[in-house]
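Note sheet for the following structure.
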Amino acid sequence: VLVQVHGQGGVKFQNWAKTYGSSPELYFQPTSVEEIREILDMARQRDKRVKVVGGGHSPSDIACTDDFMIQMGKMNRVLKVDKEKQQVTVEGGIFLSDLNVELSKHGLALANLGAVSEVAAAGVIGTGTHNTGIKHGILPTQVVALTLLTASGEILECSESVNADIFQAARLHLGCLGVVLTVTFQCVPQFHLHEVAFPSTLTEVLDHLDDHLQRSQYFRFLWFPHSENVSVIYQDPTNKPPSSSASWWWDYAVGYYLLEFLLWISTFVPSLVCWINRFFFWLLFSSRVENIAISYKIFNYECRFKQHVQDWAIPIEKTKEALLELKAALENNPKMVAHYPVEVRFARGDEIWLSPCFQRDSCYMNIIMYRPYGKNVPRLNYWLTYEGIMKKHGGRPHWAKAHSCTRKDFEKMYPAFPKFCSVREKLDPTGMFLNTYLEKVFY
């Protein structure tokens, strides 16, 4: 059956933070597998590359292309809920925000979620999205099966038992193996989370890291650079009824508008940043705050403004050393400023070939520079210092986020990198699914 597919010209693609963008020659929003096949045929005939995008949230150019772009937003159905096995099969374009609501109707939930849910299932796994909790792996570890449409138009079913090699590659696929049509997630019974945030110091948290990791299932902490201040956040399953001690006005009016204004002023007087970090810690993080809600409402939080971020995973035993080095670097370079927070999260090791947690329990250290009113703040020094510390401790960058690594680096970081490359070359011999970002990774 010949389906007529129409691509739109003149579409300008931008990621959520508006830090990266591209102008695809044709932009498609297919509604069926047949249509995607047609697009791939057309790309083959015209010798064009194809990039599939979901929510467009990645703070890097991983989704950018000037050729054909396929936006999966219309392929967003829940295909099957298996109550027995507690598994759900969805189309690759479904947003997690919609999946969360659907699952709760069936009394199910995903055991772990990232901070943002306006992201597509296939994109979340393709970039290795993570949250925190030493008993929990990155989000792709929750995937038990998926189907992949390859460059040749063939559909591959992948799981631990079928196409097992392709499965370990495709669970974190970088968008370079084909189009992920469906994903099957392992779920858990629906649960509520009790979140407690309380102030502490960097010394205390680093000296008692193991205690904190044991004490709370989803433990993370925020460090406020240029100070000793830390906000510790515990999240744990609970049977208590939903409640909140947070104040909307305070969080929004103060946390958002005042912060943006002060950070904008600090672009003229950089030395203000260390006072801003202390002031906001005192204002919003110096008292104990508790919230209880359904799991996904606690996992998700506001990213507030447009921002630049970097996020690397290092072996968990290097956490203290690496953070203290970053702190020392900031103290020794008064000109180098760092916005708050440095967010520190943890994840269990796994067997996914390109997972930053491949075969090791890891600590993710996320640094941030906001762009107040869209204005860029000089960050190069801070960025390079951080990357240097991460590399020194055997770090691996988060795939969705900006980094300066190339194939040489990845070959050192990932024991299974050659295996991934051979699967990629077999599934996409002509490089139909490559783009500028991926060329740096593979060439």
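Every number in this text was worked out from the coordinates using simple rules, so none of it is lab data. The shown structure was predicted, so the numbers you read here are calculated from the model rather than taken from an experiment. Glycine gets a Cβ as well: all are built from the backbone with ideal geometry, and neighbour counts include every protein chain shown.
Tabulated results
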{"read-out": "Calculated SAXS-style log₁₀ I(q)/I(0) at q = 0.10, 0.13 Å⁻¹ - the chain, Debye, Cα scatterers", "value": "-0.72, -1.22"}
{"read-out": "Cα centroid of segment 5-25 to Cα centroid of segment 270-318, whole Å", "value": "30"}
{"read-out": "Relative contact order of the chain, defined on C-alpha pairs under 8 angstrom at six or more residues apart (%)", "value": "17"}
{"read-out": "Nearest-20 debye value, the chain charge dipole, Cβ charges on Lys, Arg, Asp, Glu", "value": "600"}
{"read-out": "Estimated 222 nm signal from helices in the chain, with DSSP H stretches of n ≥ 4 weighted -39500 (n - 2.57), rounded to 500", "value": "-8000 deg cm²/dmol"}
{"read-out": "Formal net charge of residues neighbouring residue 128 (Cβ-Cβ distance under 15 Å; K, R +1; D, E -1)", "value": "+3"}
{"read-out": "Candidate aspartates and glutamates - alpha carbon under 18 Å from residue 419, same-chain residues fewer than 8 apart omitted", "value": "160, 165, 350, 351, 409, 411, 428, 439"}
{"read-out": "Residue 14/residue 288 FRET efficiency (R0 41 Å; Cβ-Cβ; nearest 0.05)", "value": "0.55"}
{"read-out": "Out-of-range pairs (alpha-carbon distance over 31 Å; input 135/401; 135/297; 83/320; 320/408; 318/440; 135/327)", "value": "83/320"}
{"read-out": "DSSP-assigned coil residues among trypsin sites (Lys or Arg not before Pro) in segment 1-93, each with at most 14 further Cβ atoms within 10 Å", "value": "12, 18, 74, 77, 83, 85"}
{"read-out": "Antiparallel bridges, percent of DSSP beta bridges restricted to the chain (to nearest 5)", "value": "90"}
{"read-out": "Descending semi-axes in whole angstrom, ellipsoid equivalent of segment 192-397, from the Cα gyration tensor", "value": "25, 24, 15"}
{"read-out": "Descending semi-axes in whole angstrom, ellipsoid equivalent of segment 78-189, from the Cα gyration tensor", "value": "21, 15, 14"}
{"read-out": "Gaussian network model of the chain, springs between alpha carbon atoms under 10 Å - residue of 282, 264, 353 with greatest fluctuation", "value": "282"}
{"read-out": "Signed unit charges on C-beta, dipole axis of the chain, positive-most listed residue 346, 362, 231", "value": "231"}
